[in-house]
1. I want to check the label-to-label distance for Ile111 and Asn198. Put each point 7 Å from Cα in the C-beta direction and report it in nm to one decimal.
2. Tell me the label only: which of (i) 58, 31, 15; (ii) 37, 27, 17; (iii) 45, 29, 16 is semi-axes √(5λ) of the Cα gyration tensor in Å as calculated from this structure?
3. If you average 1/r over all unlike Cα pairs in the range 48-173 and invert the result, what Kirkwood radius do you get in angstrom?
4. R0 = 30 Å: FRET efficiency of Asp87 with Asp293, Cβ-based, nearest 0.05?
5. The chain: longest stretch without exposed GluC sites (Glu not before Pro) (DSSP loop, at most 14 other Cβ within 10 Å), sites themselves excluded?
6. Which shape class, rounded, prolate or oblate, goes with the range 1-100 when its Cα gyration tensor gives a ≥ b ≥ c as root eigenvalues, a/c under 1.5 marks rounded, and past that a/b bigger than b/c marks prolate?
7. Evaluate the distance, in nm, between pseudo-label points positioned 7 Å from the Cα of Gln48 and of Ala214 along their respective Cα→Cβ axes.
8. If each residue of separation counts as 0.36 nm, what is the full-extension length gain between Ala14 and Ala66 once their alpha-carbon separation is subtracted?
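Taken together, the values in this text are just the output of simple stated rules run on the coordinates, not laboratory data. Here the structure is a predicted model, which means the values were calculated and not measured. Backbone-built Cβ (ideal geometry, glycine too); neighbour counts: all protein chains shown.
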Amino acid sequence: MTQARDAVRNLPQAEAFARIRLLRSPNVGPVTYRQLMSRFGTAQTALQAMPDLAARGGGRYRVADADRVSAEIDAVRVAGAKYLFEDSASYPALLREFAGAPPILTYRGDIGLFDRPAVAIVGARNASAAAMRMAGEFAAALAGQGRLVVSGLARGIDGAAHEGALSAGRGGTCAVIAGGIDVVYPSQHFDLQQRIANEGILIAEQPPGVEPQARHFPSRNRIIAGLCAGTLVVEAAPRSGSLLTARMAYDAGRDVMAIPGSPRDARARGCNQLIRDGAILVQEPDDVAEMLDSFTGNPRSHFREEAPEPVIHAPTPEVEDDSKLDIAALLSSAPVSVDEIIRLSGANTPSVQMALIELELAGRLTRHAGGRVSLSS
């Protein structure tokens with residue numbers, strides 16, 4: 001548990017251990033973690049309360065096994081990594097503001113790099129040689145100016161951005177990986193990942209030993225977007241993870257920039273679509289630097305609003321006791337916003353949030369993006 005103690009100055013060892021155990025417990029994601037911490041004050045108290053909460057939600061519950069958490073901490077130590085908790089002074093300020101930010105990360109490298117203004121550079125895995133060269137040039141120029149270039153260590157644009165930033169000689173790059181801190185993916189980036197860990201900073205949300213799965217990449221993308229004041233897309237298909245990262249950045253109030261490409265090249269259509277929809281067109285590294293230097297928290301990119309999903313108005317359930325509304329009766333398999341549940345229930349927000357936690361711990365509730373929930377299938 002020494003690594004847990006190192007994670008937050010003045011945080012008791014037992015509480016640091018309990019926080020890791022809380023986040024690794026079944027059905028606990030960033031939202032539920034924060035609500036439990038807010039409700040109970042400490043992870044140790046929350047862990048004690050969780051079986052009773054699940055029972056009230058209609059299910060049984062066992063928190064994460066302590067031995068498994070101890071083994072994870074040992075694996076983090078063996079990997080040469082450390083834990084970073086969201087209330088640590090070293091936790092990136094912009095990421096802390098991001099909805100659904102990871103409460104706990106693991107990292108290798110120079111955590112002081114998070115003090116630099118950060119920009120994400122993302123794009124296609126099957127990128128053209130010209131686009132990869134451009135990504136490297138932009139990254140080298142921005143890192144050379146003292147900025148932190150953030151990307152996802154994928155093939156193509158990501159790798160070129162990391163390489164370019166490292167070439168500036170100031171270690172100015174951060175790689176956010178989709179698996180555990182000790183897992184190399186893709187395998188061809190073994191040397192690059194080790195170099196980033198030694199000269200820059202490598203971060204992971206997943207526990208050590210976890211191989212990347214498809215569902216992990218959107219989570220990784222939200223971290224990339226959350227770390228940065230601006231996201232630059234160099235080359236991307238119309239439906240790609242890069243455009244998802246751009247949308248997440250925009251939704252968080254960050255600037256989205258794109259480099260235009262030939263309309264005849266399918267790999268450029270995503271960038272051209274972003275520009276058409278309101279992203280900022282950039283052509284030189286100085287264009288990006290100017291955007292970052294003048295960022296005040298109000299984005300200059302203005303995307304077309306997507307059509308809202310229809311709101312499903314569930315009938316108010318009949319209750320025998322007006323003091324206890326059955327929140328589960330308001331839910332179905334169709335996702336609906338938590339705000340809508342609060343409105344329909346007529347109950348106060350803390351009561352509804354706690355009822356949702358009870359259902360989630362019981363395995364009856366699924367959380368979706370955009371603050372929506374549904375009954376688990």
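1. 2.3 nm
2. (ii)
3. About 17.2 Å, per the Kirkwood formula over Cα pairs.
4. The value I calculate is 0.55.
5. Working: sites that count: Glu305, Glu306, Glu318, Glu320.
With GluC sites (Glu not before Pro) excluded where exposed in loops, the chain gives 1-304 as its longest stretch.
6. oblate
7. In this crude spin-label approximation the distance works out to 4.3 nm.
8. Result for the pair: 17.6 nm of gain on full extension.
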